[in-house]
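The values are calculated or read from the model by the stated rules, or taken from the named source; none is laboratory data. Source: prediction; values computed, not measured. FYI the Cβ positions are ideal-geometry reconstructions off the backbone, even for glycines, and counts take in every protein chain you see. With ligands, DNA and RNA removed, areas are computed over all heavy atoms of the protein, side chains included. Shrake-Rupley method; radii C 1.70, N 1.55, O 1.52, S 1.80 Å.
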Amino acid sequence: MKIASTLSISSLLLAALAGAASAAAPSDLAQLDFFEKKIRPVLAGQCYECHSATAKKVKGGLLLDTRDGVMKGGDSGNAVVPGKPQKSLLLSTMKHEDPDEDLHMPPKKDKLPDEVIADFETWIKMGAPDPRDGKATRLSWDAEAAKKHWAFKPISKPAVPQVADKTGFVQSPIDNFVLAKLTEKGLTPSPKADKHALIRRVTYDLTGLPPTPEQVDAFVADNSPKAFENLVDRLLATPQYGERWARHWLDVARYADTTGDRQANKSQPLLPHAWTYRDYVIDAMNKDLPYDQFILEQIAADRLPESKQEPKRLAALGFITAGKTFMGNQTEIIDDRIDVVTKGLMGLTAACARCHDHKFDPIPTKDYYSLYGVFNSSEMQDPLPLIVDKPEANPRYQDFLAEIAKVDKELGLFTDKEAARRLTGILAKAGDYMLMAQESETTTDTKKKGNNFRLAARERGLDAELSAMALSKIKPLAKAGKPDPVFGPWVSFTKLPPAEFTAKAPALAAEVSASKDVHPLIAKAFAGKQPASLKDVGEIYTSVLAELPKQMKLKPYVGGNGSIRNNNFDFEKVK
């Protein structure tokens, strides 16, 4: 396709992106995107057969093909209560919580996958955003109706309106349109800004920074007719201009320095070459690269002959590749790339056609999967080429490495100190964690089961995740063939019948203290003890474990979120 326009990036973005403030907030767009990708396809595939205007018979008086239908609910009440999943019947029927199978959705089928139900719960928590307004329609588009939409009509040159300009407001034909609309609304232009305000406004707009006092004084003193024009030219020539306005395009390109996944590649969540795309966009802005060339390089730099002579152009492909990796799910990665190309370059949310033809826009599913085929047959070069100058050539690089080493050392010292502090506090409550784990196995109180187990732990002043860890570590020991030398005695005590515990525990304690299969520290701790409850046994364990930090220099592995992930202590090193 021949690109007719050769508008520069500067002129195009200054005209098009300046009005971005009036667009929907990014969070709102993200919520609607979530609905289109996660919610609408499930409703269309699983619910519309019985709960839509096209159903042979609407069941339960419930329509799910419009926002109003979802909010109104059916014969049984509200289907969705925004922000309150627990009061939303749609979610409870999906979970099959009611014993009446007639209230299970979808009916006479297995429950929907847990991840789908979790998506609906997330959707309801965020307020159930739903763009489906008006009457229910079939999921198809009308080609003739689409041609009448303003976005699909050829660009035309409207006649410049004639206006009565008594204040000298009109400086260009664009001002005629502005003044005509103001007059129509009974408004008048704001007073002309003085030179102090003008330089601050334009400097902030073009560079994101305030002007210096010297720059303000120079502009105020410049009485030439081209003073403002010269000011704009100077600002456009600064590197800060590219840095400021590249930020707008990087938002369109959903730029990030990481993959967006906590476990992506497990050890490498970073996109190590992403910054080269950021610098490419900044450089393109400052060079005033023609817009058609800017777009061409971002979608096909590897196919351009000039890229062989200038490999740095390959950084432009970050427009496609600098997105989420979706835990390696290739289908989702390609969907994201289709979305950024169509939404970013065409202003169309074509990703919805992944599941159905667009209702209004002329985008059938066929077009979506044609694009899918293009991306599916493309590959990222591995390893990625280093398309920048070698860092060693920069004399400041060694200073950078030294500073990084300094920060890493300080971080290591802080981590060791913080880990030791937390470890001491945890071991001082070791018995409480063990008791919490045991009670979760025997209690009939539902508050201590499932997800509420963590809540019960927090109510006791215990770390919820460590309580869950204690449960996962100690529970298997009860089924182990060989008794554990450290926690084996605990398992034995938990097997005593509650009604006989006080009577039998002293004998078991004596047996533990004399056993050669029990770790010496544990055996010694039980010598002469007569525990009357599991709490007493937990306190005995605490007396041993709480002393470990004093006897050993323990350096547990601390996870990225600050939680201690591994507490496998070597008791043999303790004498």
Item to check | segment 70-111, subset open to solvent by 60 Å² or more (accessible area, probe 1.4 Å) and in contact with a Gly (Cβ under 7 Å, 6 or more places away or on another chain), residue modelled with the highest pLDDT | outcome: Pro82
Checklist entry - Is one or more of the residues making up segment 160-175 of a type in the set (Asp, Glu) and modelled with pLDDT under 95? => result yes
Next on the checklist: Residue under question is Glu539, and the condition is that it be among the acidic types (Asp, Glu), at pLDDT 85 or above and open to solvent by 40 Å² or more (accessible area, probe 1.4 Å); does it hold?
Outcome noted: yes
Next on the checklist: Take the conditions of a type in the set (A, V, I, L, M), at pLDDT 80 or above and surrounded by 10 or more Cβ atoms within 10 Å (Cβ to Cβ) and apply them to Ala128. Does it pass?
Outcome noted: yes
Checklist entry - What are the residues in segment 491-518 that are in a helix (DSSP H, G or I) and of a type in the set (D, E, K, R), if any? => result Glu500, Lys504, Glu511
Item to check | Options Ala301, Ala274, Ala322: the member that is over 19 Å from the mean Cα position of the chain (by Cα) and open to solvent by less than 50 Å² (accessible area, probe 1.4 Å) | outcome: Ala301
Checklist entry - Given Phe487, Phe526, Phe453, Phe493, which one is modelled with pLDDT of 75 or more and in contact with a Ser or Thr (Cβ under 8 Å, 6 or more places away or on another chain)? => result Phe526
Checklist entry - Would it be correct to say that Leu187 is in contact (Cβ under 8 Å) with a residue 24 or more places away in the chain, out of contact with any Asp or Glu (no Cβ under 9 Å at 6 or more places or on another chain), more than 20 Å from Pro225 (Cβ to Cβ) and exposed (fewer than 15 other Cβ atoms within 10 Å of the Cβ)? => result no
Checklist entry - Of the conditions (1) free of Cβ contacts under 8 Å to residues at least 60 places away in the same chain; (2) over 26 Å from the mean Cα position of the chain (by Cα); (3) in a loop (DSSP other than H, G, I, E, B), Val81 fails just one. Which one is it? => result (2)
Next on the checklist: Going through Pro210, Pro225, Pro269 one at a time, which residue ends up being open to solvent by less than 70 Å² (accessible area, probe 1.4 Å) and at pLDDT below 95?
Outcome noted: Pro269
Checklist entry - Given the structure, is Ser52 assigned to a loop (DSSP other than H, G, I, E, B), modelled with pLDDT of 85 or more, polar (S, T, N, Q) and open to solvent by 30 Å² or more (accessible area, probe 1.4 Å)? => result no
Checklist entry - In segment 354-370, what residues are open to solvent by 30 Å² or more (accessible area, probe 1.4 Å) and either at pLDDT below 85 or not polar (S, T, N, Q) (or both)? => result Arg354, Cys355, Asp357, Lys359, Phe360, Asp361, Pro362, Lys366, Asp367, Tyr369
Item to check | Pair list, Cβ under 8 Å, 6 or more apart: segment 224-251 residue under 18 Å from Phe294 (Cα atoms), other residue open to solvent by 90 Å² or more (accessible area, probe 1.4 Å) and in a helix (DSSP H, G or I) | outcome: Asp251/Pro26
Checklist entry - Looking at segment 152-171, is at least one residue part of a helix (DSSP H, G or I), within 28 Å of Gly347 (Cα to Cα) and either open to solvent by 90 Å² or more (accessible area, probe 1.4 Å) or not aromatic (Phe, Trp, Tyr) (or both)? => result no
Checklist outcome for this item: Residues in segment 325-347 that are touching a residue at least 12 places away in the same chain (Cβ under 8 Å), surrounded by fewer than 17 Cβ atoms within 10 Å (Cβ to Cβ) and assigned to a loop (DSSP other than H, G, I, E, B) total 1
Checklist entry - Residue check: is Asp408 modelled with pLDDT under 90 and more than 21 Å from Tyr277 (Cα to Cα)? => result no
Next on the checklist: Just the residues that are surrounded by fewer than 16 Cβ atoms within 10 Å (Cβ to Cβ), part of a loop (DSSP other than H, G, I, E, B) and polar (S, T, N, Q), please, taken from segment 228-266.
Outcome noted: Thr238, Gln263, Asn265
Checklist entry - Which pairs have Cβ atoms under 7 Å, sit 6 or more apart or on different chains, and link a residue in segment 154-175 that is hydroxyl-bearing (Ser, Thr, Tyr) to one that is open to solvent by less than 100 Å² (accessible area, probe 1.4 Å)? => result Thr167/Pro189
Item to check | Residue selected from segment 32-49 under the condition under 18 Å from Lys111 (Cβ atoms), in contact (Cβ under 8 Å) with a residue 40 or more places away in the chain and not basic (Lys, Arg), by the criterion surrounded by the fewest Cβ atoms within 10 Å (Cβ to Cβ) | outcome: Gly45
